[in-house]
Amino acid sequence: GTKAPLLHKKILITAGPTYEALDPVRFIGNHSSGKMGLALVKEAWKMGAEVTLVCGPVNEELLRMLPASVQLHKIVSGQQMFDVVQAEIEKQDVAIFAAAVADYTPEQVSDIKIKKAEDSFTIRLKKNPDIAKTCGEKKKDHQLFVGFALETNDEETHALKKLQSKNLDAIVLNSLNDTGAGFAGDTNKITIYAKDKEPFHSQLLSKEYIAKDILNYLLLL
Ligand code: C5P
């Protein structure tokens, strides 16, 4: 029906930042609030979907407002998010990778607090596994995968490259060049690209309405 277009559909959403530990008290992180991913969770749930959320460290208040039937996996690091998604992805119909996963993680994690000593201090990083890309490589015919791209320059080129290299069905671009769009706020402005389809340009809207736009676009793929 029109009111529950995602009824009986299983959808996995990644959201929030990841924290990559350096020692027991420090980490490398980013400014993702998780709000876009959590808005997608709510709208997908309203459309009747069975939602699995894999979420990095976000404000607990935001998690308390989620519908009770959402299956929540709280993780901290990119590797942990990768492991949970790997275990859950096969049974999904749709996956939306909205998390801001750290590209790199410290090569070594100290089990004791690192002491201040020299004037300069070097941290070696290694690449985190790419969750969306790994899933894209094993995508089944009935599955639809959507990624996000946050770019500061050559937005369209970079977004289209990610759509292809991660074998996604659609990619949501938010440009930091638009005021009110992106990471921490309550509004966003996006363009959605899909292969062989006209891109969709949204207005500057609340993340709730952006989430509706994204899911409605997906329903047409
Ligand atoms: O390559 P880049 O990180 O810019 O791509 C962003 C997209 O890839 C987002 O959908 C993000 O959630 C996903 N991603 C991921 N695992 C990573 C890095 C990015 O799933 N390690």
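With everything on Cα atoms, drop me the angle between helix 207-219 and the longest principal axis of the chain, reported from 0 to 90° to the nearest 10.
On a 0 to 90 degree scale, this one is about 60.
May I ask you to sort 119, 93, 213 by Cβ crowding, counting other Cβ atoms within 10 Å and putting the fewest first?
119, 93, 213
Are there any trypsin sites (Lys or Arg not before Pro) in the stretch 71-147 that are in a DSSP loop and have at most 14 other Cβ atoms within 10 Å? List them by number.
113, 115, 116, 124, 138, 140
Using the Cα centre as the reference, give the magnitude of the dipole from point charges on the C-beta atoms of the stretch 1-86 (Lys, Arg: +1; Asp, Glu: -1; all else neutral), rounded to the nearest 20 debye.
Here the size comes out at about 400 debye.
I want to check the label-to-label distance for residue 66 and residue 108. Put each point 7 Å from Cα in the C-beta direction and report it in nm to one decimal.
3.6
Between 206, 136, 216, whose Cα lies farthest towards the positive end of the dipole of the stretch 114-219 when Lys and Arg beta carbons carry +1 and Asp and Glu beta carbons carry -1, centred on the Cα centre?
136
Please go through the stretch 100-155 and write out the GluC sites (Glu not before Pro) that DSSP classes as loop and that have at most 12 other C-beta atoms within 10 Å.
For GluC sites (Glu not before Pro) across the stretch 100-155 that sit outside H, G, I, E and B with at most 12 neighbouring Cβ atoms in 10 Å, the list reads 107, 118.
Of the DSSP beta bridges with both residues in the stretch 85-186, give the percent that are antiparallel, rounding to the nearest 5.
Bridges in the stretch 85-186 are about 25 percent antiparallel.
Calculate the length of the line joining the C-alpha centroid of the stretch 196-221 to that of the stretch 122-147, in whole Å.
If we compute the Cα centre of each part, the gap is 22 Å.
What ranking do 204-211, 156-163 get when scored by the average of other Cβ atoms within 10 Å per residue, highest first?
204-211, 156-163
5 Å is the cut-off here: which amide hydrogens, built 1.01 Å from N in the peptide plane, fall below it relative to residue 128, excluding neighbours closer than 5 in sequence?
Correct list: 104, 105.
Where does helix 78-88 land angle-wise versus the long Cα axis of the chain, in degrees 0 to 90, nearest 10?
40
Hey, with R₀ at 25 Å, roughly what FRET efficiency would residue 59 and residue 3 work out to, going by the Cβ-Cβ distance, to 0.05?
Result of the calculation: an efficiency of 0.25.
Can you compute the charge dipole magnitude of the stretch 94-204 about its Cα centre, using +1 on each Lys and Arg Cβ and -1 on each Asp and Glu Cβ, nothing else charged? Give it in debye, rounded to the nearest 20.
Around 460 debye, computed over the stretch 94-204.
With +1 on each Lys and Arg Cβ and -1 on each Asp and Glu Cβ, how big is the dipole of the chain about its Cα centre, in debye rounded to the nearest 20?
Using Cβ point charges on Lys, Arg, Asp and Glu, the chain gives about 420 debye.
Which aspartates and glutamates, on any chain, are close to residue 139 with Cα under 12 Å apart, when same-chain ones fewer than 8 places away are left out?
Hits, sequence-local ones excluded: 90, 93, 169.
Run through the DSSP bridge list for the chain and note the antiparallel percent, rounded to the nearest 5.
If I count the DSSP bridges inside the chain, around 35 percent turn out antiparallel.
Helix 155-165 versus the longest principal axis of the chain: what angle, 0 to 90°, nearest 10, using Cα atoms?
The angle comes out at about 90 degrees.
Kindly provide the pair-distance distribution of the chain built from C-alpha pairs, with 10 Å bins from 0 and whole-percent values in order of increasing distance.
Taking every Cα pair in the chain, the percentages come to 8, 33, 37, 16, 5, 1, 0.
Which chymotrypsin sites (Phe, Trp or Tyr not before Pro) in the stretch 76-161 sit in a loop by DSSP (not H, G, I, E or B) and have at most 12 other Cβ atoms within 10 Å of their own Cβ?
Listed in order of number, the matching sites are 121.
Values quoted throughout were computed directly from the atomic coordinates according to the rules given, and no laboratory measurement underlies them. Everything numeric in this text was worked out from a predicted model, so none of it was measured. Positions of Cβ are generated from backbone atoms using ideal geometry, with glycine treated the same way; all protein chains shown enter the neighbour counts.
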